[in-house]
Amino acid sequence: MKTIPYLIDPDGDIELVLSEPNSHRIIPKIHSDDYSTHTDLPDSDFDNPPATGPYTVFDELYNKPTTATSTQKLGEDHESREVRMRISSKHLSLVSSTFRDLLPTSDKKDDAVALAIVLDAIHGRDAEIPRVINLGLFARIATVAEYYKCQEVIHILFSCARQTSKTRVVYDKNPDGDIELVLNEPNTQDIIPERVLPGELDTANGSPTTDLNNSVLQGRYTVFDNFDTPTFVDDYGDLDFLEETPDVVRLRVSSKHLTLGSKVFRAMLRGSWAEASLSSSSRDSPRQLATSDWDAKALAIVLDAMHGRFRHIPKDVNLVLLARIATIVDYYQCYESMELISNLWLSQQSVTQENIDGYSKSSLLLLYVAWVFESDVLFTAVARRVLRYGQGPSEFDFKDLPVGGVMDILNDKRTELIGRILEGLDILQETLSAEDECPGLGLSDCSSTLLGMLIRERFRWKELYHPLEPPYDGYNIVTVRALVDAFPRPKPLQPKYDNSGISGSGELDVFHRRCMCTIQGRMQKLMKGVTNDIKAFRPSRIQGWGLRQKESD
């Protein structure tokens, strides 16, 4: 008998044995001799799409013979075959009542890829799950989920498939969980940046608005409404709440799910359990693990995803709630558990809609979200916006939003580009001082005229504006470009001079009519290079980008 192994949980205590894999037929057959009466798809259209990643291990179960010899060989290979999957009983028993009653041997003859996908979803291994699922494979997945009564774990798969159509709070994620996660001082994390330097889209001292509140959620998450649902704005511009906000949230969770889905939880819970303590009530009570500050809704959503409970997770959240979720995902390093649902969130207009020609506190939230969930397109768009409109390290107080590292990189690039423009003006000033004639038409008065304008305007800058010195706080690239564009342009028509420098008859020389030397023209190549540098910026240039994806492969 040939065995195909598939490892889902290296520490799993269950080996699920799939006998006679792929012998379960779910595609109906139409019995009709007259094919003109129906226009159904060919059976081959319902074959599973080509496997990717770890699912290629099952390819030999799907290869079809093309010759008589290969048919005989394939028959020999498939005489006796089974798939063995190492999994966790903790995960199975939480999401499936059928698995709770089963022995660890399955003779249901499921499709191997479909079963592997369901088990990966149960174990929070979302990064492994293919993004392209056709109708045939999805139907096979549905039969597995229905049989084992674990429909909730594939709820997010269905949502992705139809994406193109549009005091104390106790929250039990797992009634049998062995961990009580205690969230102290919930919702005290302040991730909304505060603008320090004046900007076009944010005021320096704006009052809070409902745009900075979490999405209003339904179902099980309404238990957290008292934390972030304001009822009115008082006379001082502060948001008031209807009831007293609880100061503790207790969440019953499974240590197995936490350690499998998060490197940080794994370090906390294994070994000496340094950050966990026995519950004060009884030694039979679940162990307690303390945390603090997180947004309660965001933490509940992340833990639901880590436990495979996707059915009630909102499919549409606003940018503020998503940013709060991202801080938790980033801190606990549970990226893989959130991969599918985060892709769905990032496609929603409620997250991505923003003024593409401006730079505000929302831009920083979006930048951080795109960084955590490694959205290349979204991060690139926002990063370029920061490069154009960012005014330096002093522009924002980031508060608790951990975006400082990324912003340091972008600010370094912004400083480099502004410095390049100013250095270009220095070089141009030296060139104009030394050259005898302009490079265009060889006219000496062009160089002299431009030099005078350049020196005079740069002197005026020192009187009108604060110093242009690194890191150029208060200046963005758009502003510096505007300063260059504001240099006076010499008039194209000028009196004719003879070699003695004395004005002649006042006639206009034809060369002077055509010469259009300007500071802007001399700087054109350099300014275009700055623009191209911004357009060429990619997150792949930032150290650390893409490493999480490589780690999960």
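Determine whether segment 332-354 contains at least one residue that is at pLDDT 95 or above and in a helix (DSSP H, G or I).
Within segment 332-354, one or more residues are at pLDDT 95 or above and in a helix (DSSP H, G or I).
Search segment 480-519 for residues being surrounded by 15 or more Cβ atoms within 10 Å (Cβ to Cβ) and part of a helix (DSSP H, G or I), and hand back the single one that is modelled with the lowest pLDDT.
In this case the residue turns out to be 512.
Consider segment 8-58. How many of its residues are modelled with pLDDT of 80 or more and part of a helix (DSSP H, G or I)?
6
Check residue 301 against each of (1) crowded, with 24+ Cβ neighbours inside 10 Å; (2) touching a His at 6+ places or on another chain (Cβ under 7 Å) and name the one condition it does not meet.
(2)
For the structure I just gave you, tell me whether residue 386 is out of contact with any Lys or Arg (no Cβ under 9 Å at 6 or more places or on another chain) and not polar (S, T, N, Q).
no
Would you mind telling me which numbered condition in (1) crowded, with 17+ Cβ neighbours inside 10 Å; (2) at pLDDT 80 or above; (3) touching a strand residue (DSSP E or B) at 6+ places or on another chain (Cβ under 7 Å) residue 106 fails?
Result: residue 106 passes all but (2).
Tell me yes or no: at least one residue of segment 145-153 is out of contact with any Phe, Trp or Tyr (no Cβ under 8 Å at 6 or more places or on another chain), modelled with pLDDT of 85 or more and buried (at least 23 other Cβ atoms within 10 Å of the Cβ).
Yes; the residues of segment 145-153 include at least one that is out of contact with any Phe, Trp or Tyr (no Cβ under 8 Å at 6 or more places or on another chain), modelled with pLDDT of 85 or more and buried (at least 23 other Cβ atoms within 10 Å of the Cβ).
Name the residues in segment 130-155 that are more than 14 Å from residue 48 (Cα to Cα) and in a loop (DSSP other than H, G, I, E, B), would you?
148, 149, 150
Quick one: is residue 418 more than 30 Å from residue 358 (Cβ to Cβ), part of a helix (DSSP H, G or I) and modelled with pLDDT of 95 or more?
Numbers: more than 30 Å from residue 358 (Cβ to Cβ): no; part of a helix (DSSP H, G or I): yes; modelled with pLDDT of 95 or more: yes.
Taking the combined requirement at face value, the residue does not satisfy it.
Which one of the conditions (1) part of a loop (DSSP other than H, G, I, E, B); (2) at pLDDT 85 or above; (3) of a type in the set (Gly, Ala, Ser); (4) over 26 Å from residue 11 (Cβ atoms) does residue 298 fail to meet, given that it meets all the rest?
(1)
Looking at segment 355-375, which of its residues are in a helix (DSSP H, G or I) and farther than 21 Å from residue 531 by Cβ?
To start, the set of residues in segment 355-375 that are in a helix (DSSP H, G or I) comprises 361-372.
Within segment 355-375, 361, 362, 364, 365, 366, 368, 369, 370, 371, 372 qualify.
Kindly evaluate residue 266 against the criterion of being at pLDDT 90 or above and either surrounded by fewer than 21 Cβ atoms within 10 Å (Cβ to Cβ) or part of a strand (DSSP E or B) (or both).
Spelling it out, residue 266 is indeed at pLDDT 90 or above and either surrounded by fewer than 21 Cβ atoms within 10 Å (Cβ to Cβ) or part of a strand (DSSP E or B) (or both).
If you take the residues in segment 441-459 that are among the small types (Gly, Ala, Ser) and within 52 Å of the chain's Cα centre (by Cα), which one is nearest to residue 487 (Cα to Cα)? Before you say what the answer is, go through the steps one by one.
As a first pass, look at segment 441-459 and keep what is among the small types (Gly, Ala, Ser): 442, 444, 447-448, 452.
If we keep only those that are within 52 Å of the chain's Cα centre (by Cα) as well, we get 447, 452.
Working: 447: 15, 452: 11 Å.
Taking the candidates together, the pick is 452.
The values are calculated or read from the model by the stated rules, or taken from the named source; none is laboratory data. Since we're looking at a predicted model, the values are computed, not measured. Heads up, the Cβs are rebuilt from the backbone with ideal geometry, glycines too, and the neighbour counts pull from every protein chain shown.
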